[in-house]
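So the structure is just underneath, and the comments pick up after that.
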Amino acid sequence: MELLLGLLLGVIGVIGILFLLLLSFAIYYDLSRTKIPSGFDSPLKLRVIHCYAIMVVTLAKGLELLGVCKEIAFIRFVMNFFKSRLDPSLSAKDLHFDGVPVRVYQPKAPSAAPRKGFVFFHGGAGMLGSIECYQNVCCKIAKETDSVLVSVGYRLSPEHPPPAQYKDCLAATIYFIQNAASHGVDPSKIIVGGDSAGGNYATVVAQKLVERSDLPKLRAQVLIYGTSQAMDLNLPSYQQNGSMPFLFRETVVYFGLKYIGKDPSLAGQILKGSHVPDSMRLKYGKWVSPDNIPERFKVRGYKQVPLAPYEPEVYRQLSETLEDDFSCLFAEDSVIEKLPETLIVSSEYDVLRDDALLYKKRLEDHGVEVSWFHVEKGFHGVLNLFDAGLFTFPAAVELMDRIVDFVKNL
């Protein structure tokens, strides 16, 4: 008995030491690598959450090195571990739409008329995130807007390389439009939306559907701090917020390369822009130009950096990053001008802020009705912290309220 007790105490001691080492590294990494601008409120709260994320990622890398499990698998496990409860005013059904897993949230209260439908695509760089992770977000939108919300569990990379992700999102959306009536939804009042990578998928889905004359047109799209281009990663927000949690400039490139199954050693080339052919610089330069970004977003230490000389071999390896189903800013004018009413969300302290601003400008130039909400105290991933107890951010609550108001008023 004493031996067992001794072993137990020894195990607890080892775990405690490992935890302290992990925590110490996370604090050191955060303080040495993170640069939170002076205008941001609640920096300590953000650092605490960031340290937790660093610990999870560091432990995941260690487990992969030890051969215990894949890094990505452990991160997914942790993200799905803490499950939010279903709102009692809603019902939820796990179904498949054209083979794609979805969860359909529906208000329990009867409705005198068909409801609006909202197809939501979660974030996570196309490799993380899930229906479970976003249950609180989806419940809030469905409840407050009295809508039927479809949360799409698209396939994830690297097990399923792109374009599997947007194709799953597109297939699920088309199925929902075609079968809207069976879910009590008006097929002419369907919205697509998502955050981060999900915002990119929502953009691509909306673009792909503009030519589908056999389907009712989308009512609107809600694009929450998504990426829109992989041509210039030296725009003002990439410089100003490159070391801001939860998405560093280098992390954007790292995850982007992992997502498409390319060697992370190509990061330097894509950061410099040497993957962009001269012909594309001429064609797309007018859309990616910093001149399209309002001057007030350039005051926090921005210096324009031209793209590096073109390297054909780099383009050969990274050509898909400039296709319009990845860089959705580069869709043709004939597509852009047919897009539905749009809510675009940008966050001041988000490395991807300017991607949203560029897409906003492109839509407005083609007569698309755009509502823009800029989260002044926002950062990448802020939406998920609208209801996080002590770690709730007022900016997240404000953002959720704005999304709800937009959908309710359609």
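The values are calculated or read from the model by the stated rules, or taken from the named source; none is laboratory data. This structure is a prediction, so every number in the text was calculated from the model and none was measured. All Cβ positions, glycine included, derive from the backbone under ideal geometry; neighbour counts span all protein chains shown.
List of remarks:
- One residue stands out among those in the stretch 168-207 that are touching a helix residue (DSSP H, G or I) at 6+ places or on another chain (Cβ under 7 Å), more than 13 Å from SER147 (Cα to Cα) and among the β-branched types (Val, Ile, Thr): the one that is surrounded by the fewest Cβ atoms within 10 Å (Cβ to Cβ), which is VAL204.
- Residues of the stretch 371-388 classified as surrounded by fewer than 20 Cβ atoms within 10 Å (Cβ to Cβ), among the aromatic types (Phe, Trp, Tyr) and out of contact with any strand residue (DSSP E or B) (no Cβ under 7 Å at 6 or more places or on another chain), total: 0
- Condition met for ARG281 (touching a residue at least 12 places away in the same chain (Cβ under 8 Å), surrounded by 21 or more Cβ atoms within 10 Å (Cβ to Cβ) and either among the basic types (Lys, Arg) or closer than 23 Å to VAL192 by Cα (or both)): no
- The set of residues from the stretch 288-315 being under 30 Å from ALA206 (Cβ atoms) and of a type outside the set (Asp, Glu) comprises VAL288, SER289, PRO290, ASN292, ILE293, PRO294, ARG296, PHE297, LYS298, LEU307, TYR315.
- Checklist (1) touching an Asp or Glu at 6+ places or on another chain (Cβ under 9 Å); (2) farther than 20 Å from ALA202 by Cα; (3) in contact (Cβ under 8 Å) with a residue 60 or more places away in the chain; (4) surrounded by 14 or more Cβ atoms within 10 Å (Cβ to Cβ) applied to TYR134, failing item: (2)
- In the stretch 98-123, the residues that are surrounded by fewer than 21 Cβ atoms within 10 Å (Cβ to Cβ), in contact (Cβ under 8 Å) with a residue 40 or more places away in the chain and in a loop (DSSP other than H, G, I, E, B): ASP98, GLY99, SER111, ALA113, PRO114
- Residue list for the stretch 208-237, filter: hydroxyl-bearing (Ser, Thr, Tyr) and buried (at least 22 other Cβ atoms within 10 Å of the Cβ): TYR225, THR227, SER228, SER237
- Only one of ALA172, ALA142 that is in a helix (DSSP H, G or I), in contact with a Leu (Cβ under 7 Å, 6 or more places away or on another chain), within 25 Å of ALA206 (Cα to Cα) and touching a residue at least 24 places away in the same chain (Cβ under 8 Å): ALA142
- Some residue of the stretch 45-56 being within 30 Å of SER347 (Cα to Cα), in contact with a Lys or Arg (Cβ under 8 Å, 6 or more places away or on another chain) and either at pLDDT 95 or above or part of a strand (DSSP E or B) (or both): no
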